[in-house]
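Novice: Just passing along the structure, written as structure tokens.
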Amino acid sequence: MTEIIVRTDVPYAVTVGGGVSRRLPELIRCADGAGTFALVSDNTVIGLYGDRVTALLEKTGKRVVPYVFPHGEGSKNGSEFLGILDFLARSSLTRDDYVVALGGGVTGDLAGFAASAYMRGIGFIQIPTTLLAAVDSSVGGKTAIDLPSGKNLAGSFYQPSAVICDTDFLDTLPPEVFSDGCAEVIKYGVLGNEKLLRHVTEKGTGFDREYVISECVRMKADIVSADEREHGVRTLLNLGHTLAHAIEKVSG
Ligand SMILES: NC(=O)c1ccc[n+]([C@@H]2O[C@H](COP(=O)([O-])OP(=O)(O)OC[C@H]3O[C@@H](n4cnc5c(N)ncnc54)[C@H](O)[C@@H]3O)[C@@H](O)[C@H]2O)c1
């Protein structure tokens with residue numbers, strides 16, 4: 001198990017390793033004051049890990065209310081965002097309660113933006129289940145939805161209070177989704193981690209997950225700690241993204 005501290009205004013821990021989700025109740029002590037967890041997940045991930053994570057959250061003695069949306073980028077939109085806000089209100093969440101994002105980058109971005117907006121901001125915990133979310137989107141506090149005119153155009157900087165990355169959750173990823181995440185890993189290697197780049201070049205997709213994810217998170221944590229709101233060095237993390245977003249847009 002590896003723990004990395006992200007030194008933002010309110011520092012938080014990212015815990016990475018096989019089976020770490022079993023320690024969820026102790027890893028989310030930040031939420032001791034909460035009465036309810038709103039578990040936000042997509043309809044694929046909830047079927048795979050929803051029961052397990054719900055049981056672990058319930059071990060803390062708190063109420064768990066699930067919000068499930070259709071998987072995929074198409075759900076990162078304004079109506080799903082408002083749907084979550086309304087769900088939080090109907091479930092009587094208060095400012096002491098927490099949103100828990102269980103899923104990939106779409107879930108984290110959508111749930112994080114909703115957590116930042118509901119009652120002007122309630123607690124937020126990330127449990128990434130894709131490689132992309134593990135190495136990139138779950139850390140650093142960028143949240144967003146897409147607008148009809150473009151990707152990630154509405155959102156906020158809103159840090160989670162804890163990130164729990166169980167590398168065993170990646171076992172069920174379709175190969176193409178795993179490959180999406182590998183592109184982000186290669187990005188970190190190119191940005192200045194020759195040892196990491198050499199490791200993934202040699203091992204291919206059979207790389208040491210805890211080592212690779214921890215290295216990427218450490219690099220992201222250093223950059224985010226230096227430039228939380230992307231006025232300078234944080235733009236490095238967008239390497240390749242402008243071109244890739246253009247390809248996404250024209251290819252649908
Ligand atoms: N906030 C940030 O800093 C940041 C950084 C990079 C990317 N992003 C955003 O992340 C999003 C992409 O994230 P993504 O690639 O994780 O997409 P995603 O969340 O849509 O997940 C991809 C697919 O994998 C499925 N899935 C997730 N976990 C699974 C598991 N363990 N087993 C089987 N299936 C699983 C999902 O249901 C989905 O169909 C984009 O919207 C992008 O803008 C945000």
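Novice: Would you mind working out the accessible area per residue for the chain, using a 1.4 Å probe, and quoting it in Å²? Before the final figure, lay out the partial values.
Specialist: Details: 11340 Å² over 252 residues.
It amounts to 45 Å² per residue over the chain.
Novice: Leaving ligands, DNA and RNA out of it, report the carbon-plus-sulfur percent of the accessible area of the chain at a 1.4 Å probe. If you can, show how the numbers build up before the last one.
Specialist: Values: 6060 of 11340 Å².
Taking all protein chains in place, the chain shows 53 percent carbon and sulfur surface.
Novice: Evaluate the Debye formula for the stretch 21-105 with equal point scatterers sitting on the alpha carbons, no solvent, and hand back log10 of I(q)/I(0) at q = 0.15, 0.17, 0.18, 0.24 Å⁻¹, in q order, two decimals.
Specialist: -0.54, -0.70, -0.78, -1.25
Novice: In Å and whole numbers, how far do the C-alpha atoms of the chain stretch along each principal axis, longest first?
Specialist: 49, 41, 35
Novice: With bins 10 Å wide starting at 0, give me the P(r) of the stretch 70-200 over every alpha carbon pair, in whole percents.
Specialist: 13, 40, 33, 11, 2, 0
Novice: Also, I was wondering about something else. Please compute the length gained on full extension between Val190 and His241, using 0.36 nm multiplied by the number of residues separating them and subtracting their Cα-Cα distance. List each step's numbers first, then the result.
Specialist: Working: separation 51, 0.36 × 51 = 18.36 nm, distance 1.39 nm.
Stretched out fully, the Val190 to His241 stretch lengthens by 17.0 nm.
Novice: What is the antiparallel percent of DSSP beta bridges lying wholly in the chain, to the nearest 5?
Specialist: 30
Novice: While we're looking at this one, here's another question. Determine, for the chain, the count of lysine pairs separated by eight or more sequence positions (or lying on different chains) whose alpha-carbon distance falls under 26 Å.
Specialist: Within the chain, the lysine pair count is 19.
Novice: Leaving ligands, DNA and RNA out of it, rank Cys182, Cys30 by accessible area with a 1.4 Å probe, largest first.
Specialist: My answer, sorted largest first, is Cys30, Cys182.
Novice: If I model a spin label at Asp222 and Thr205 as a point 7 Å from the Cα along the Cα→Cβ vector, what separation in nanometres do I get?
Specialist: Spacing of the two 7 Å Cα→Cβ label points: 3.0 nm.
Novice: Oh, and also: Using only Cα atoms, what Kirkwood radius does the stretch 143-238 have, in angstroms? List each step's numbers first, then the result.
Specialist: Working: mean 1/r = 0.0661 Å⁻¹.
Computed over the stretch 143-238, the radius equals 15.1 Å.
The values are calculated or read from the model by the stated rules, or taken from the named source; none is laboratory data. The shown structure was predicted, so the numbers you read here are calculated from the model rather than taken from an experiment. Here Cβ is always computed from backbone atoms with ideal geometry, including for glycine, and neighbour counts include all displayed protein chains. Ligands, DNA and RNA are excluded from the accessible area calculation, which covers all protein heavy atoms including side chains. Shrake-Rupley method; radii C 1.70, N 1.55, O 1.52, S 1.80 Å.
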